[in-house]
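Chemist: Let me begin by handing over the structure; questions about it come next.
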Amino acid sequence: MDEKQLLGKMLVEEGVITDDQLKTALEKQKETGHFLGRILVDLGYIEERDLKRLLSIQAGIEMIDLKTTPIEKRAVEVFPSALAKTYNAIPISLEKNILTLAVGDTLSLNIQDDISFVLGYKTKMVLADEHDIQEAIEMHYGKEIETVDDLVKWLAQDIEEMEELDAIASQGEYATITSLEEIASLPPVVKLFDLILLQTVRDNASDVHLEPFEDDFRVRYRVDGVLYDLVHPPKGLSFALFCRFKIMAGMDIAERRLAQDGRIELSIMGRAVDLRVNTVPTVFGECLAIRVLDRGKTIFELANLGLSENNSKKIENVIKKPNGIILATGPTGCGKTTSLYAILRTLNTPDVKVITTEDPVEYMLEGALQVPIREHIGLTFARCLRSILRQDPDIILVGEVRDFETAQMAIQSSLTGHLVLSTLHTNDAPSTIMRLIDMKIEPFLLSSTIEGVIAQRLLRMLCQRCKEEYTPEKKELLEVGLDTNPEKVASMKFFRAKGCPFCRGGYKGRTAIFEILMPTEPFWQAVIDKRPLGEIKKIAIEDCHMRTLIEDGLDKVKAGITSIEEVAKEIHGY
């Protein structure tokens, strides 16, 4: 029995909620993916304190009342304020090298081992009310918000080690491999490395960027598609941090003139995390980018993608086809691969053979054979696809259609009885067909093989705790093509971002909007006749019953999931 069923059963048995209330909350969880306990509180079915009490029983940890629990001064002194404010935890006591910390929810228990490593103390966790924790933090540390930059200052207290870092960093290209390995293993470097990854996973960031400039070095991370400053470490510490990442990724630390790729597999906050590391040389040194693939967070289910009922039925119908091509399109980072893996997971049954070829293989799918592309040795998509066909697959995933050869092989595969899934970079579903024709693929071949095109974008979701209802101005409504009639506006509910301690600027998490094209004969006839793209789009909407990206986005606006501003920014770019 999984955790959400266990918690729900406990609440029903305790008489806190009814079976109907649990059913409603579980349905809401399927839509949002949020924690069941938080949904029950937001719906008003249970009190925060009841939830904490049952979570403490479930997790087997003590629950305390912070208002009546004394906090030792010694414990506060050894626990940096930036850590307390970053992870919303307050130290209670320090006895025999064991630091007791109060946290607000059981999910925070996963950071126990990481904090133990950073501080050098064994840690014991207890549960307390989140509001009480915030009050205690303000009382003992002050109200001023601190960042990871403050943690860097705390780490830099060891002057001797910092001087050693600066000395080796100043040697630049003349630094020996031995000295680079030594500074990468120094405690301040290892601790900063861990803190950055801890913050990255905690905030569900998708990327981390280490960027050198003439007089500065900055570390940024991308959360819900937006880049935020994380830390600006001093020169010596930043140079050593680079070395740490490169060593962990199995890269050549002595080579700083060529681009390199590497990979790190770690367990952070109890979750398996895969880091794809890439470096490129710049004017002021190497720039390092890290793609964060959180295997513990990714759930490949069609129901979790944000599909409307209509779009969900379209996908369910098209993936039942025994052969043909299904394309996912959109810009980099719009969730194309996640959508295709959700489809693959649905199709991946014991009676079919699934083979994927990707650059790189981003996620592991049990039961599927996954082949990584290695262009530097000649293993391209087209060459790999040619070999895959000899493996007698039923379903093939091609990471990306980049050129004529790959597109041609995909078409041949579908014509010989295979279902082919792939991605393409285009702005919308109808223009995908134009892009393939631009690759010199004959329209009659496309009409024989293309079964569906799924265009998508990712939108930030409004924080359900702090979103506020408002009446949008006429300009906002016109931006997304909504009727400005006052009576119609008054009959609808609109929400906008506000901001609270539990989100970033009023947004938390992302959902996808879709534009699904199932081509019909009139559509293909328009393509063969080389009609203008505008006419082809009109036929896609009227004859193929395609709902556009902006229409799907507006449905999510009306449902209070996202804002007009977010839809306009993603669709129109402003």
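Chemist: May I ask you to list the residues in region 58-96 that are surrounded by 13 or more Cβ atoms within 10 Å (Cβ to Cβ) and under 20 Å from Glu14 (Cβ atoms)?
Modeler: Gln58, Ala59, Ile61, Glu62, Met63
Chemist: Now, a different point. Which residues, taken from region 528-550, are under 17 Å from Glu451 (Cα atoms) and among the β-branched types (Val, Ile, Thr)?
Modeler: Ile528, Ile536, Ile539, Ile541
Chemist: Something else: Starting from residues that are farther than 21 Å from Val201 by Cβ and of a type in the set (S, T, N, Q), keep the ones in region 274-290 and report whichever is farthest from the chain's Cα centre (by Cα).
Modeler: Our first condition is that a residue be farther than 21 Å from Val201 by Cβ; within region 274-290, this holds for 279-287.
This time we only want the ones that are of a type in the set (S, T, N, Q), so: 279, 282.
Working: Thr279: 21, Thr282: 27 Å.
The extreme case among them is Thr282.
Chemist: Output the qualifying pairs, or none if there are none: Cβ atoms under 6 angstrom, residues six or more apart or on different chains, first residue in region 472-492 and under 20 Å from His572 (Cβ atoms), second residue charged (D, E, K, R) and open to solvent by 70 Å² or more (accessible area, probe 1.4 Å).
Modeler: These pairs meet every condition: Thr484/Lys474.
Chemist: Please enumerate the residues belonging to region 226-238 that are buried (at least 16 other Cβ atoms within 10 Å of the Cβ) and β-branched (Val, Ile, Thr).
Modeler: Val231
Chemist: Looking for whichever is more than 29 Å from the chain's Cα centre (by Cα), at pLDDT 75 or above and surrounded by fewer than 17 Cβ atoms within 10 Å (Cβ to Cβ) here; the options are Val16, Val12. Which one fits?
Modeler: Testing whether each residue is more than 29 Å from the chain's Cα centre (by Cα), at pLDDT 75 or above and surrounded by fewer than 17 Cβ atoms within 10 Å (Cβ to Cβ) leaves just Val12.
Chemist: Under the condition of being among the aromatic types (Phe, Trp, Tyr) and over 23 Å from Ile264 (Cβ atoms), which residue from region 358-413 is surrounded by the most Cβ atoms within 10 Å (Cβ to Cβ)? Walk me through how you get there before you give the answer.
Modeler: From region 358-413, those among the aromatic types (Phe, Trp, Tyr) are 363, 381, 404; that's our starting set.
Checking which are over 23 Å from Ile264 (Cβ atoms) leaves us with 381, 404.
Details: Phe381: 25, Phe404: 14.
Residue satisfying both the conditions and the ranking: Phe381.
Chemist: Take the residues in region 453-464 that are at pLDDT below 95 and out of contact with any Phe, Trp or Tyr (no Cβ under 8 Å at 6 or more places or on another chain); name whichever of them is farthest from Met546 (Cα to Cα).
Modeler: Gln464
Chemist: Among all residue pairs at least 6 apart or on different chains, which show Cβ distances below 8 Å where the first residue, located in region 319-345, is touching a residue at least 40 places away in the same chain (Cβ under 8 Å) and the second is open to solvent by less than 40 Å² (accessible area, probe 1.4 Å) and among the basic types (Lys, Arg)?
Modeler: Pairs found: Ala328/Lys336; Thr329/Lys336; Gly330/Lys336; Gly330/Arg457; Pro331/Arg457; Cys334/Arg457.
Chemist: Pairs only if they're at least six apart or on different chains, beta carbon under 8 angstrom, first in region 434-449 and at pLDDT 90 or above, second assigned to a helix (DSSP H, G or I) and of a type in the set (Ser, Thr, Tyr); list them, first residue then second.
Modeler: Thr449/Ser414
Chemist: Give the residue that is surrounded by the most Cβ atoms within 10 Å (Cβ to Cβ), with candidates limited to residues of region 414-457 that are assigned to a helix (DSSP H, G or I) and touching a Gly at 6+ places or on another chain (Cβ under 8 Å).
Modeler: So the first thing to find is which residues in region 414-457 are assigned to a helix (DSSP H, G or I), and the list is 414-415, 429-438, 443-449.
Still in the list and also touching a Gly at 6+ places or on another chain (Cβ under 8 Å): 414, 449.
Numbers: Ser414: 22, Thr449: 19.
Looking at the filtered set, the residue picked out is Ser414.
Chemist: Within region 467-477, can one find any residue that is open to solvent by 30 Å² or more (accessible area, probe 1.4 Å), over 30 Å from the mean Cα position of the chain (by Cα) and basic (Lys, Arg)?
Modeler: Within region 467-477, one or more residues are open to solvent by 30 Å² or more (accessible area, probe 1.4 Å), over 30 Å from the mean Cα position of the chain (by Cα) and basic (Lys, Arg).
Chemist: Out of all the residues in region 236-259, is one or more out of contact with any Gly (no Cβ under 9 Å at 6 or more places or on another chain) and among the aromatic types (Phe, Trp, Tyr)?
Modeler: No, region 236-259 contains no residue that is out of contact with any Gly (no Cβ under 9 Å at 6 or more places or on another chain) and among the aromatic types (Phe, Trp, Tyr).
Chemist: Please count how many residues of region 504-538 are part of a helix (DSSP H, G or I) and open to solvent by less than 30 Å² (accessible area, probe 1.4 Å). Show your work before the answer.
Modeler: Kept after step one, since they are part of a helix (DSSP H, G or I), are these residues of region 504-538: 521-528, 533-538.
With open to solvent by less than 30 Å² (accessible area, probe 1.4 Å) added as a condition, the list becomes 523-524, 526-527, 536.
The number of residues fulfilling the criteria is 5.
Chemist: I've got another one for you. Looking at region 337-350, is at least one residue in contact with a Leu (Cβ under 9 Å, 6 or more places away or on another chain), of a type outside the set (Gly, Ala, Ser), open to solvent by less than 20 Å² (accessible area, probe 1.4 Å) and not in a helix (DSSP H, G or I)?
Modeler: No: region 337-350 contains no residue that is in contact with a Leu (Cβ under 9 Å, 6 or more places away or on another chain), of a type outside the set (Gly, Ala, Ser), open to solvent by less than 20 Å² (accessible area, probe 1.4 Å) and not in a helix (DSSP H, G or I).
Chemist: A further question on this structure: Tell me which residues, restricted to region 490-503, are touching a Gly at 6+ places or on another chain (Cβ under 8 Å) and not in a strand (DSSP E or B). Break it down stepwise before answering.
Modeler: Going through region 490-503, the residues touching a Gly at 6+ places or on another chain (Cβ under 8 Å) turn out to be 493, 495-500.
The answer is Lys493, Ala497, Lys498, Gly499, Cys500.
Chemist: Of everything in region 351-374, what is over 17 Å from Ser422 (Cβ atoms) and not in a loop (DSSP other than H, G, I, E, B)? Give them in sequence order.
Modeler: Arg374
Chemist: Tally up the residues in region 478-503 that are aliphatic (A, V, I, L, M), within 15 Å of Leu459 (Cβ to Cβ) and either out of contact with any His (no Cβ under 9 Å at 6 or more places or on another chain) or open to solvent by 40 Å² or more (accessible area, probe 1.4 Å) (or both), please. Break it down into steps so the answer makes sense when it comes.
Modeler: Here is the first cut: in region 478-503, the residues aliphatic (A, V, I, L, M) are 478, 480, 482, 489-490, 492, 497.
When the remaining residues are screened for being within 15 Å of Leu459 (Cβ to Cβ), the result is 480, 497.
Among the residues that remain, those that are also either out of contact with any His (no Cβ under 9 Å at 6 or more places or on another chain) or open to solvent by 40 Å² or more (accessible area, probe 1.4 Å) (or both) are: 497.
Of the residues in region 478-503, 1 are aliphatic (A, V, I, L, M), within 15 Å of Leu459 (Cβ to Cβ) and either out of contact with any His (no Cβ under 9 Å at 6 or more places or on another chain) or open to solvent by 40 Å² or more (accessible area, probe 1.4 Å) (or both).
Chemist: Looking at the structure I just gave you, is Val223 surrounded by 15 or more Cβ atoms within 10 Å (Cβ to Cβ) and out of contact with any Ser or Thr (no Cβ under 7 Å at 6 or more places or on another chain)?
Modeler: Spelling it out, Val223 is indeed surrounded by 15 or more Cβ atoms within 10 Å (Cβ to Cβ) and out of contact with any Ser or Thr (no Cβ under 7 Å at 6 or more places or on another chain).
Chemist: Could I ask something else about it? Any residue in region 103-116 that is modelled with pLDDT of 80 or more, out of contact with any Gly (no Cβ under 7 Å at 6 or more places or on another chain) and not in a helix (DSSP H, G or I)?
Modeler: Kept after step one, since they are modelled with pLDDT of 80 or more, are these residues of region 103-116: 103.
Retained after the next criterion (residues that are out of contact with any Gly (no Cβ under 7 Å at 6 or more places or on another chain)): 103.
Within this subset, residues satisfying the condition of being not in a helix (DSSP H, G or I) are 103.
Checked against the condition, which is being modelled with pLDDT of 80 or more, out of contact with any Gly (no Cβ under 7 Å at 6 or more places or on another chain) and not in a helix (DSSP H, G or I), region 103-116 yields at least one hit.
Chemist: Can you tell me which residues in region 280-291 are surrounded by 17 or more Cβ atoms within 10 Å (Cβ to Cβ) and at pLDDT 90 or above? If you could, list the steps in order and put the result at the bottom.
Modeler: Applying the first criterion (surrounded by 17 or more Cβ atoms within 10 Å (Cβ to Cβ)) to region 280-291 yields 285-288, 290-291.
Within region 280-291, Cys287, Leu288, Ile290, Arg291 meet the criteria.
Chemist: Something else now. So which of Glu476, Glu570 ends up being farther than 23 Å from Leu302 by Cα and not small (Gly, Ala, Ser)?
Modeler: Working: Glu570 fails: farther than 23 Å from Leu302 by Cα.
Checking each option against the conditions leaves just Glu476.
Chemist: Can you confirm whether Asn427 is among the polar types (S, T, N, Q) and in contact with a Ser or Thr (Cβ under 9 Å, 6 or more places away or on another chain)?
Modeler: On the way: among the polar types (S, T, N, Q): yes; in contact with a Ser or Thr (Cβ under 9 Å, 6 or more places away or on another chain): yes.
It is true that Asn427 is among the polar types (S, T, N, Q) and in contact with a Ser or Thr (Cβ under 9 Å, 6 or more places away or on another chain).
Chemist: Considering each residue of region 248-273, count those that are open to solvent by 60 Å² or more (accessible area, probe 1.4 Å), closer than 15 Å to Leu210 by Cα and over 24 Å from the mean Cα position of the chain (by Cα), and give that number.
Modeler: Within region 248-273, residues that are open to solvent by 60 Å² or more (accessible area, probe 1.4 Å), closer than 15 Å to Leu210 by Cα and over 24 Å from the mean Cα position of the chain (by Cα) number 1.
The values are calculated or read from the model by the stated rules, or taken from the named source; none is laboratory data. On a predicted model such as this, the values are computed, not experimentally measured, just so you know. Positions of Cβ are generated from backbone atoms using ideal geometry, with glycine treated the same way; all protein chains shown enter the neighbour counts. Remember, those area values only see protein heavy atoms, side chains included, never the ligands or the DNA or RNA. Shrake-Rupley method; radii C 1.70, N 1.55, O 1.52, S 1.80 Å.
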